[in-house]
Amino acid sequence: MTDIEKAQVVSEAERAAAESAIAERLGPDAPKPACGATGNSPYSGETVVMLATGAAERGARVALAAVCKSHDGAGNYKGRGRWRTVCVAAPKADGDLAVCDASDRDAEEVGSSGFYVRPWTTHEAELASRGLGLAQEAMASAFAALGL
């Protein structure tokens, strides 16, 4: 959905400053950022999704952008240390994504943050079918096979 791997690489200090500036701009009422690592190792990649007010509820139409990523260089070995990627999600009337749950059809996690989005068209189709989604076609097939 958003290619967070192509985020601008910056220093740790610049990334920390960017996170602070984003939090300040989003304001004190913004939801807590979604944050998670790909594993338990101190070298596991980490993703932070800063959320604007209204961008955390399931079904919210949003735009998502990767801001930057940095590497802490821990261990003094090439490749060691943790990559931290920062993204921002904000409500947008014509956004192409909808906030969803991990179990929703076409759900995709943003990095390893625990924040899930899916195409707005998928969400819209689910709403049109009153939540049945693909189950609507399966139900119709089953009823037809039973002669109902």
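Rule-based calculations on the coordinates, nothing more; no lab input. These figures come from a predicted structure and were not determined experimentally. All Cβ positions, even for glycine, are placed from backbone atoms using ideal geometry, and neighbour counts span all protein chains on display.
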Within the set T85, T47, T121, GNM on the chain using Cα springs under 10 Å gives the largest fluctuation to T121
Stretch gain in nm, segment T121-A93, where the contour uses 0.36 nm per residue and the Cα spacing is subtracted: 8.7 nm
Candidate aspartates and glutamates - alpha carbon under 18 Å from K92, same-chain residues fewer than 8 apart omitted: D29, E57, E124
Modelled FRET efficiency - R0 35 Å, D3 with A144, Cβ distances, 0.05 increments: 0.25
Only helices at least 18 Å long along their own axis, judged from Cα atoms, and with Kyte-Doolittle mean hydropathy of -1.0 or greater: name those in the chain from DSSP H. 12-26
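Given the peptides 122-128, 59-65, arrange them by the average over their residues of other C-beta atoms within 10 Å, most packed first. Intermediate results must be reported in sequence, preceding the final value.
Working: 122-128: 16.3, 59-65: 18.3.
Those peptides, ordered most packed to least, come out 59-65, 122-128.
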Students often forget the sequence filter, so: which aspartates and glutamates lie under 14 Å Cα-Cα from K69 once same-chain residues fewer than 8 apart are removed? D3, E5, E12, E14, E19, E46
Given labels modelled 7 Å from the Cα in the Cβ direction, how far is it in nm from N40 to R25? 3.7
Using just the helices of the chain, give the 222 nm mean residue ellipticity in deg cm²/dmol: DSSP H runs with n ≥ 4 each add -39,500 (n - 2.57), and the total is spread over all residues, rounded to 500. -7500 deg cm²/dmol
Just need the relative contact order of the chain here, percent rounded to a whole number, with Cα pairs under 8 Å and 6+ apart. 23
